[in-house]
1. Connecting C-alpha atoms closer than 10 Å in a GNM of the chain, tell me which of 163, 59, 233 has the biggest fluctuation.
2. May I ask for the net charge around residue 102, where only other residues with Cβ less than 12 Å from the Cβ of residue 102 are counted and Lys, Arg are +1 while Asp, Glu are -1?
3. So which GluC sites (Glu not before Pro) in segment 17-78 end up in coil per DSSP with only 13 or fewer other C-beta atoms within 10 Å?
4. Using helices alone, I'd like the mean residue ellipticity at 222 nm for the chain: each DSSP H run of four-plus residues gives -39500 (n - 2.57), total over residue count, nearest 500.
5. Using 28 Å as the Cα-Cα cut-off, could you pick out the over-long pairs in 282/309; 31/232; 245/332; 149/309; 52/232; 142/309?
6. For the residue pair residue 75 and residue 305, what label-to-label distance in nm results when each label sits 7 Å from Cα along the Cα-to-beta-carbon direction?
7. Around residue 23, with a cut-off of 11 angstrom between Cβ atoms, what is the net charge of the other residues, counting Lys and Arg +1 and Asp and Glu -1?
8. With θ set to phi - 60°, apply the Karplus curve 6.51 cos²θ - 1.76 cosθ + 1.60 along segment 202-215 and write out the HN-Hα couplings as whole Hz, x wherever there is a Gly or Pro.
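The values are calculated or read from the model by the stated rules, or taken from the named source; none is laboratory data. Note that this is a predicted model, so its numbers are computed, not measured. When we count neighbours, we look across all protein chains shown, and the Cβ atoms used for this are built from the backbone with ideal geometry, even at glycine. Note: accessible area is taken over every heavy atom of the protein model, side chains too, but ligands, DNA and RNA are not part of it. Shrake-Rupley method; radii C 1.70, N 1.55, O 1.52, S 1.80 Å.
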Amino acid sequence: MDRFPLGINTYSIRALRWHDVQLLEYAASLKLDAVYLQDSIDPANNDPAHWKLLKETAARLGLELHGGDAGALPRTPDGMAATMSRLRDGVRHAAGMGSKLVRFRVAGDRASLPPGPVEKTMEAMVRVLRDIRSEVIDAGVKIAIENHKDLYCWQTRQVIDAAGREFVGSYLDTGNPVFVMEDPMATVETLGPVAVMLHLRDSVVYASHDGVAVQWVPLGEGVVDFRKIIAKAHEVCPPISVYHKPITGRPPQILAIYDPQFMNNWKDMRGADLARFLVIAKRGHPYEGHMVIEDLPGKLAEPIAAALKYQQQEHLERGLEYARQVLDLGVKWRS
């Protein structure tokens, strides 16, 4: 069985405020195989000369490089022109830096979906993708649809299949499914066959007085069985790279499954899928490790900001050790 190459998603260490080349050099120092540059803050991010530099730097360091973000669908039709412009910019950006993938989303979360039935949004997504198909293929890239906090995995799969798997695939994320009350294993089972990359993020899921609480935690410290996830990925996924993408420092979020108003946003939920999710919640528990919380109102005091920088890097490197020693991921570090 071939091992999956191992990389990092740079959003995980966003507090460090590093520029792109520094992030690539950091990844190389960790003997990683790949980097996904997400939400770059580099001042040269939109400069084609910078893209060329990144391509050359990644090649020199022996890293597979992906990046470029194309945003998400607009909430209203008057935003479609801007969406298409950003999507085209994302394709050019990805191609310019040598990335074969560009990230695109339906929405940030369920509340951010365009008004109306979810099915209509899915149809709109397919139309947008088909409209840009020839440009994407000519650029030699694929649109990677992230399963975010918006659709269920089976709906995302329907969008990918309807648009065309020759130029659209899954940016498969194991952290987002719990926010749509979905077992991450079900996400891998459904989207794995069309995955163009796999991002690992762990979660705790547990019963609370108002419903089910979910929170992202360091890799290997939550309730997701990543040994089984990776075994399933070997079974169903094409050859892809696996990216470690911890996003910690956020408080637990309560999914108020006993509140009819909350559940009104999830009319398309399937009972069997909810049952799988509740099995996870029943055996789950709150996170009991140390964690600095960043997503709070107001300006962070400098000691807390410094602690967040330390935490993000430490959680990333701790998770990489788990990915290597427990999940047997990665190639370059073995030599």
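1. Largest GNM mean-square fluctuation: 59.
2. Charge balance near residue 102 sits at +3.
3. none
4. After summing the helix terms and dividing by residue count, I get -12500 deg cm²/dmol.
5. Where the Cα-Cα span goes over 28 Å, the pairs concerned are 282/309; 52/232; 142/309.
6. 3.0 nm
7. Taking every other residue near residue 23 into account, the sum is -1.
8. 9, 9, 9, 9, 7, 5, 10, 5, 9, x, 10, 9, 10, 7
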